[in-house]
Amino acid sequence: MRKSAKNKRYSPQSPIGIFDSGVGGLTVFKEIERLLPGEHIVYMGDTARVPYGNKSPKTVVRFSTENVLFLLENKVKLVVVACNTSSSLALDFLQKTFSVPIVGVIDPAVEKAVEVSPGRRIGVIGTKSTIKSGVYQKKILQKDSRARVCVKACPLFVPLVEEAMLSGPITEDIARYYLKGFKGGIDTLILGCTHYPLLKKIIASYLKDVHLINSAYEVAVKVRGVLRHSGLLNPGRRGRREFFVSDEPAGFMKLARLFLNKTTGKPKVINV
Ligand code: DGL
């Protein structure tokens, strides 16, 4: 696929495109909406093919490419890869392939972690595919070669969040099971998955005094910087929001309430 000059037709009034494997990217949507309320936003959740977190790099690259193509049809001026798994496995390919600015969630989180970690002992949690990719580990060490990085895949966290089990004994047990290796060993932990900000309380209560890095917030700050730098910030007051999903909308709408504390309205269904 060649970079297309067509992608250059954007202005401050063009929307920001956000994609995720499903509903989890709403954590990123929420922070972008909060920080940049004047922006129009097109959100695409690939609910027909979720989860990405246990899929191969080849498959995640293919799905992610299709998601970007969909957002480009909607004339977005910037694409946010809200999904950590896509950001780990597909971001390089997407950035080489498309001319529209594409922002992933890894770099903003890594930059913040390296900045705030007092003792250079940084932990990362994410899906199996994110952790297996080694991208977080590589990027942290590129920023600070003296950092000590400790990682753990936490595959049960996504279904726990999607079952709205944000607290209670089962979630506490699972959190303890995944996080016990970090106890006393890290001072900073990157929540390297869209869903994990919803488990922040339980993680913080187990890993007391550890800085928790919410990549959703960090990426919103990055998006604002990129738009400002390229003169594409929308000065409006209240942007339009449009939601698209690739499977039937009911599940998305129900979970959206959990993620956003408000409704999204009925998303439009697209074929992927
Ligand atoms: N959005 C994914 C991520 O941030 C989590 C859900 C999935 O596995 O697709 O890695």
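Report the extension gain between LEU260 and VAL272 in nm, rounded to one decimal, defined as 0.36 nm multiplied by the number of residues separating them, less their alpha carbon distance.
1.8 nm
If you put +1 on each Lys and Arg Cβ and -1 on each Asp and Glu Cβ, how big is the dipole of the range 134-272 around its Cα centre, in Debye rounded to 20?
So the magnitude is around 600 debye.
Cα-Cα over 32 Å: which of LYS200/LYS266; LYS77/LYS143; LYS200/LYS268; LYS96/LYS200; LYS77/LYS152?
LYS96/LYS200; LYS77/LYS152
I need the trypsin sites (Lys or Arg not before Pro) found in the range 70-113, filtered to DSSP loop residues with at most 11 other beta carbons within 10 Å of theirs.
none
Whole percent per 10 Å bin, from 0 to the bin with the longest distance: what is P(r) over all C-alpha pairs of the range 81-160?
All Cα pairs, binned at 10 Å, distribute as 18, 48, 29, 5 percent.
Restrict the search to the range 157-190; then list the trypsin sites (Lys or Arg not before Pro) that DSSP places in a loop and that have at most 15 other Cβ atoms within 10 Å of their Cβ.
In loop regions of the range 157-190 (DSSP not H, G, I, E or B), the sparsely surrounded trypsin sites (Lys or Arg not before Pro) are LYS183.
Kirkwood Rh over Cα pairs of the range 77-128 into Stokes-Einstein at 10 °C, 1.306 mPa s: D in µm²/s?
Roughly 129 µm²/s, to the nearest whole number.
What does the charge dipole of the range 107-215 about its Cα centre add up to, to the nearest 20 debye, if the Cβ of each Lys and Arg holds +1 and the Cβ of each Asp and Glu holds -1?
440
Using alpha carbons only, how many degrees (0 to 90, rounded to 10) separate the axis of helix 215-229 from the longest principal axis of the chain?
40
Starting from the Cα of LYS208, draw a straight line to each of the aspartates and glutamates and keep only those under 12 Å, dropping any in the same chain fewer than 8 residues away.
Cross-link targets: ASP187.
In nanometres, what is the gap between the two model label sites at GLN95 and THR59, each 7 Å from Cα along Cα-to-Cβ?
Placing both labels 7 Å along Cα→Cβ, they lie 2.6 nm apart.
Can you figure out the FRET efficiency of SER11 with ARG148, using R₀ = 35 Å and their beta-carbon distance, to the nearest 0.05?
0.20
Counting only helical runs of four or more DSSP H residues, what would the 222 nm mean residue ellipticity of the chain come to if each run contributes -39,500 (n - 2.57) and the total is spread over all its residues?
My calculation for the chain gives -13000 deg cm²/dmol from helical runs alone.
So which aspartates and glutamates can LYS183 reach, going by Cα to Cα under 19 Å and dropping same-chain residues fewer than 8 places off?
Partners within reach: GLU172, ASP173, ASP209.
Report the dimensions of the chain along its three principal axes from the alpha-carbon atoms, largest first, rounded to Å.
Rounded to whole Å, the extents work out to 51, 41, 38 Å.
Take the alpha carbon atoms of the range 107-215, find their radius of gyration, then divide it by 2.2 N^0.38 Å using N residues; give the quotient.
0.99
About the Cα centre, and with charges only on the beta carbon of Lys, Arg (+1) and Asp, Glu (-1), how big is the dipole of the chain? Nearest 20 debye, please.
Using only the charged Cβ atoms, the result is roughly 580 debye.
Mind ranking 185-194, 219-228, 40-49 by how tightly packed they are, going by the mean number of other C-beta atoms within 10 angstrom, highest first?
In descending order of packing, they fall as 185-194, 40-49, 219-228.
Which aspartates and glutamates, on any chain, are close to LYS254 with Cα under 13 Å apart, when same-chain ones fewer than 8 places away are left out?
GLU162, GLU163
Pop a pseudo-label 7 angstrom from the Cα along the beta-carbon direction at both ALA250 and ASN74 and give the gap in nm to one decimal.
Taking the two extended label points, one gets 2.4 nm.
We did not get these values from a lab; they are worked out from the coordinates using the rules stated. Fair warning: this is a prediction, and the values are worked out from it, not measured in the lab. Cβ sites come from the backbone with ideal geometry, for glycine too, and all protein chains shown count toward neighbours.
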